[in-house]
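Report on one structure; see the data block that follows.
The values are calculated or read from the model by the stated rules, or taken from the named source; none is laboratory data. Please read these numbers as outputs of a predicted model, since none were measured by experiment. Here the Cβ positions follow ideal geometry from the backbone for every residue, glycine too, while neighbour counts run over all protein chains shown. Just the protein is used for accessible areas: all its heavy atoms, side chains included, with ligands, DNA and RNA removed. Shrake-Rupley method; radii C 1.70, N 1.55, O 1.52, S 1.80 Å.
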Amino acid sequence: MTIASPTALHPVLADAEPADDKAVHRPRTLSVNTSKATRGADDSLTPPTATPALGGSCPESSSASTLSGPAPPPIAVAHAPHHGHRRSAPSHDSIPRRTIIKALASVARKKKPEALPLDSMFMSQNGVRTGPSGSAASPMRLADALHDLAKRQSTPSTALTVLQSPCFYHQRFDDAVDIQKVLEEIKNDESMSHSRLVQTATGVREVSKQLQRRPIKRAVRNVMIVTKARDNQLVHLTRELAAWLLRTPRYGSDVGVNVFVDAKLRSSKRFDAPGILAQDVRYENMLKYWTPDLCWSQPERFDLVLTLGGDGTVLFTSWLFQRVVPPLLSFSLGSLGFMTTFEFDKYKEHLNRVMGDEGMKINLRMRFTCTVWRHDSRGQQMGEGEQFEVLNELVIDRGPSPYVSNLELYGDDELLTVVQADGCIFSTPTGSTAYSLSAGGSLVHPDIPAILLTPICPHTLSFRPMVLSDTMALRVAVPRNSRATAYCAFDGKGRIELRQGDHVTITASQYPFPTVTRTDTEWFDSISRTLRWNVRAAAQKPFDTKCITDGAPSQDEDDNCWDIDQDSAYYPSEEGSVSASPVRRQMSMLGL
C-alpha cells in the first residue's frame with residue numbers, strides 16, 4: 001500500500017454491529033475491525049517457527065482455541081444452504097486465527113511472551129465477559145481482549161489495540177510524523193461534526209504527504225540480499241556486493257554492516273564464502289544466512305533488503321515476508337523491471353546515499369490480504385483455509401473447465417454482480433502494469449489506494465474494468481449451483497481450487513510493502529522505459545520560418561519564407577481573391 005492511503009497507516013477502522021435490534025447500541029467510535037486482516041500462519045509456506053513465536057505450540061490440525069487452556073464455548077452460526085444469489089449474505093462471523101497469530105507476533109516485545117489462552121482473551125481481568133454477547137460482537141471483544149493483553153505484557157500501546165498498525169516501517173521510523181497523536185485525536189471523538197470530519201480528512205492527507213516527502217535517516221546495520229534464482233551470473237554479483245558491504249566502514253566502525261545472503265549460497269563455489277571470511281576474521285560474525293523461517297519469525301531483524309533480479313524477485317521477497325516487511329531496494333538485473341529502478345553499476349553510490357546522511361524515501365505499496373473459506377456439502381462453513389499477502393494480484397479463473405465461470409461478487413456483504421467470464425483479476429495499483437493491463441485494465445499510480453477489478457473475457461460487453469475503493473471488503477463466492485469449480489492464484493503462486501460453496505475474501509492489508517524510491521517520477525519513467533508509454537517513432541515537425549538544412553539554419557534570405565505557405569485546397573492561394581480555393585469556387589457558383 002502506498003503511503004498516500006489512510007489504510008497504509010492502519011487497518012480499516014470500524015465497529016461491530018449489534019447482533020439484533022435488542023442489543024445495546026454503542027457509539028460509532030473508531031476501533032479495529034479484525035476481520036479485515038489476514039494471512040495463513042500454517043499454510044504450506046509458513047515456517048514451523050511462526051507458532052512458537054507466540055510462546056506456545058499449535059499443531060496445524062488444531063484450532064485457535066487449543067493454544068493453551070480450555071477452549072471457549074463455541075459460537076453457533078447457522079448457515080442455511082442456498083441455491084441462488086443472495087443479497088446481504090454474511091461472509092463469516094469468525095475471526096481468522098491467522099489474523100490473531102500475525103498481529104500478536106508483530107508486536108514488538110523485549111522477551112518472548114508466554115502462552116496465550118484464548119478463553120481468557122475473551123474475559124476481562126475480573127472474569128466477567130465484556131461487550132455485548134453474540135457472534136457479531138466477537139471482533140469487538142477480541143480487540144478489547146488483545147488491548148488488555150498488551151497492557152499486561154507491558155507492550156507499547158495507545159488507546160488503540162495492538163492490531164492497529166503492526167507495520168515494521170512505522171514501528172522503526174515513527175519519528176517522522178506523530179501518527180499516534182493523529183489517531184488518538186480521531187479515537188477520542190465519539191461523534192464528528194462536518195467541520196471536524198473535513199479537518200480530519202485534511203489532516204490524514206497532510207500526514208500522508210509528510211511521510212512521503214521526508215527521508216528516513218536511520219542506521220542500517222543488517223542488510224539482507226535476495227538473489228534471483230536460476231541465474232549463476234548474479235551469484236558473482238551477490239558476492240561482490242556482500243564483500244563491499246562487509247569491508248566498507250560504517251557508523252564509526254572500521255568494518256561494514258552485517259550481511260544476510262541466501263542459505264543456499266553457503267556451499268556455493270561461485271559465492272566462495274570461505275574466501276570472503278579469509279579476508280578478515282571479524283567477517284565470521286558478520287556474514288550470515290537467511291531462510292524463509294527467519295523471514296517469518298524475525299522480519300524486524302533486517303534493516304534493509306536488497307534484491308538482485310527483476311520484478312519476479314521483488315514478488316518473491318513479498319512472498320517471503322507475509323507479515324511485516326523491511327524497506328526494500330531493488331537493483332535492475334532482470335528482464336523488464338517496473339519496480340527495479342536502481343542500476344547495479346552504481347550500487348556504491350546508491351547505497352552510500354541511502355545508508356548515509358541523505359537517508360531513504362519510502363513508498364508503501366498496497367498489498368491485499370486474501371483468505372480462503374471452505375464450506376461442506378450442506379453449506380456449513382468448515383473454517384478458515386489458506387491466507388496470502390498479495391502484492392500484484394489475485395486471479396480467479398475457470399481453470400481446465402470448459403464452462404464459463406459463475407462467481408458471486410460481494411462488496412461489504414452486499415451482492416454487487418455475478419461474474420460470468422473466463423475469470424476476474426483483483427489487482428493492486430502495483431499490479432496494474434501486470435496481468436490486469438494485459439486484460440484491458442487501466443494503469444494506476446501506486447500512490448492511489450484502490451482495488452482494480454478487471455474481468456477476463458467477460459460474456460457481456462458492458463462488464464468493463466473498474467477501480468474500487470480500498471476500504472471495501474470484497475468476497476468472491478462459487479455458487480452451490482455452479483457447473484464447475486474455480487481456481488485462484490496469488491501473485492502467480494499458491495494456485496488452489498475453489499469448490500462449490502467456497503469463497504475468498506479480499507481486503508487491503510495492514511502489512512504494506514515499503515520500497516525505496518529513487519525519484520518522485522520513477523513510476524512514469526518505468527512505464528516509459530518498459531512499455532514505451534506514449535512514445536512515437538518521430539516527433540511532429542514544427543512550422544519554422546527558418547529553413548533548416550542538414551541540421552543547420554540556412555543563411556539564404558529567400559529561405560525565410562515559404563513558397564507554398566498554405567493548403568490551396570481550402571485556403572485562398574491567389575492574392576486578392578476571396579474565393580480562389582476550389583471548394584469555395586464551387587460553393588460560390590452554386591450560390592451557397
From the cross-link list K264/K346; K102/K269; K288/K361; K102/K361; K361/K541; K346/K493, which pairs have alpha carbons spaced over 30 Å apart?
-> K102/K269; K361/K541; K346/K493
Estimated FRET transfer efficiency (S267, F344; beta-carbon r; R0 22 Å; 0.05) = 0.35
Using amide H atoms built 1.01 Å from N in the peptide plane, name the residues 5+ places from A473, or on other chains, whose amide H lies under 5 Å from its own.
-> D412
What does the charge dipole of segment 254-321 about its Cα centre add up to, to the nearest 20 debye, if the Cβ of each Lys and Arg holds +1 and the Cβ of each Asp and Glu holds -1?
-> 260 debye
Residue separation between Q540 and Q586 times 0.36 nm, minus their alpha-carbon distance, gives in nm 13.3 nm
Computed label-point distance, nm, for sites R532 and V418 using a 7 Å Cα→Cβ extension = 4.5 nm
Simple spin-label estimate for S438 and Q279 in nanometres, 7 Å along Cα-Cβ = 4.0 nm
Segment 275-314 and segment 438-481: distance between their alpha carbon centers, rounded to Å = 37 Å
Out of S427, I448, S438 - ranked by how far each Cα lies towards the positive end of the dipole of segment 397-452, with unit charges on the beta-carbon of charged residues - the top one is S438
Can you tell me the order of 443-450, 314-321 when each peptide is scored by its average per-residue count of other Cβ atoms within 10 angstrom, highest first?
-> 314-321, 443-450
Quick one: dipole size for segment 347-459, taken about the Cα centre, charges +1 on Lys/Arg Cβ and -1 on Asp/Glu Cβ, in debye to the nearest 20.
-> 280 debye
Carbon-plus-sulfur fraction of the accessible area of segment 451-513, 1.4 Å probe, in percent?
-> 54 percent
Residue-wise HN-Hα coupling along segment 463-470, computed from phi with Karplus coefficients 6.51, -1.76, 1.60 (Hz; x: Gly, Pro) | 7, 9, x, 10, 10, 9, 5, 6
Mind giving me the FRET efficiency for E358 and R301? R0 is 25 Å, r the Cβ-Cβ distance, nearest 0.05 is fine.
-> 0.55
Run the quick spin-label model on I564 and N481: label points 7 Å from Cα toward the beta carbon, then report their separation in nm to one decimal.
-> 7.0 nm
Starting from the Cα of R250, move 7 Å in the Cα-to-Cβ direction to define the label point; list residues of segment 295-336 whose amide nitrogen is under 19 Å from there.
-> 295, 298-309, 325-332
Expressed as a whole percentage, what fraction of the accessible surface of segment 204-330 belongs to carbon and sulfur atoms when a 1.4 Å probe is rolled over the protein heavy atoms?
-> 47 percent
Those trypsin sites (Lys or Arg not before Pro) in segment 365-397 that DSSP places in a loop and that have at most 14 other beta carbons within 10 Å = R378
If you take the beta carbon distance between R374 and T519 as r and set R0 to 45 Å, what does 1/(1 + (r/R0)^6) give as a FRET efficiency, to the nearest 0.05?
-> 0.45
